[in-house]
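Okay, so here's the structure we're looking at.
Values quoted throughout were computed directly from the atomic coordinates according to the rules given, and no laboratory measurement underlies them. Model, not experiment: these values are computed from the prediction. Here the Cβ positions follow ideal geometry from the backbone for every residue, glycine too, while neighbour counts run over all protein chains shown.
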Amino acid sequence: MKKDISVKTVVATAIGVALFVVVGRFGSIPTGIPNTEFSLAYPILGLIGVLFGPIAGGLTGLIGHALKDAVFYGSVWWSWVISSAILGILFGLIGKKLKVEQGKFSLKDIVLFNIFQVISNLIVWAVVAPVGDVLIYSEPANKVYTQGLVASLVNSVGIGIACTIIFAVYAKTRVQKGSLSKED
């Protein structure tokens, strides 16, 4: 029987949660839209999801965002916590298509990852989070859809730049399968 959650997944999740909380609090820049920030926590979520899978990505988004909200703001904003979890899961799913761990991150992979992450950010932040805000918290639709659109744009830019650089550098540190040859 194959284990769904390995020690590697648990450790990656724990590290991801810790980084998400700290970087989410101290690595954020206000956008000018209320309660909406450019946050370096989301490239970390992308990194954890792609490298360690959808379980680690989803749990990092869920636990990390919930802890950050509870510790630094005094309450948890569940519609955005759930959205972070979904985004982490989505990163884990695209990670299965990418071969970063095997030392491959080509131009095609860069384009695939970035198209996927932009679409994922739009779905999660411009649709899921605002719908949750309206349904759970009875927030005004025009406010939360504006927040969601701005969040999806700034997250897409941050993730696009940071994750592309990190994955390209990381892939170069990995030994590609079949790259070693036997000496005579």
Discussion item. Give me a comma-separated list of calculated 3J(HN,Hα) values for the range 110-125, in order, Karplus coefficients 6.51, -1.76, 1.60 applied at θ = phi - 60°, integers in Hz, x for any Gly or Pro.
Written reply: 4, 5, 4, 4, 6, 5, 4, 5, 5, 4, 4, 4, 5, 5, 5, 8
Fill in: Proximal charge balance of Ile115 [Cβ under 13 Å; K/R count +1, D/E count -1]
+1
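Sorted from fewest to most neighbouring beta carbons within 10 Å, what does the list Val22, Val169, Val128 look like?
Fewest to most other Cβ atoms nearby, the residues stand as Val169, Val22, Val128.
Using a 10 Å cut-off around each Cβ, can you sort Ser79, Ser84, Ser138 from fewest to most neighbouring Cβ atoms? If you can, show how the numbers build up before the last one.
Details: Ser79 20, Ser84 28, Ser138 7.
By the 10 Å Cβ count, ascending: Ser138, Ser79, Ser84.
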Worksheet item: Which is farthest toward the positive dipole end of the range 7-173 among Val169, Pro54, Ser84, measuring Cα position about the Cα centre, with Cβ charges +1 (Lys, Arg) and -1 (Asp, Glu)?
Response: Val169
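Note the full-extension length gain between Ser138 and Lys172 as 0.36 nm times their separation in residues minus their Cα-Cα distance, in nm to one decimal.
Values: separation 34, 0.36 × 34 = 12.24 nm, distance 4.79 nm.
Result for the pair: 7.4 nm of gain on full extension.
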Worksheet entry | Computed [θ] at 222 nm, deg cm²/dmol, the chain (DSSP H ≥ 4; -39,500 (n - 2.57); rounded to nearest 500) | -24500 deg cm²/dmol
Practice prompt. Rounded to whole Hz and in sequence order, give me ³J(HN,Hα) for the range 11-24 from the Karplus expression 6.51 cos²θ - 1.76 cosθ + 1.60, θ = phi - 60°, writing x for Gly and Pro.
Written response: 5, 4, 5, 4, 5, x, 4, 4, 5, 4, 5, 5, 5, x
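Rounded to a whole number of µm²/s, how large is the Stokes-Einstein D of the range 91-184 at 20 °C and 1.002 mPa s, given Rh as the Kirkwood radius over C-alpha pairs? It would help to have the intermediate numbers written out before the result.
Numbers: Rh = 15.2 Å.
Calculated translational D: 141 µm²/s.
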Worksheet item: Quick one: putting +1 on the C-beta of Lys and Arg, -1 on the C-beta of Asp and Glu, what dipole do you get for the range 7-173 around its Cα centre, in Debye to the nearest 20?
Response: 540 debye
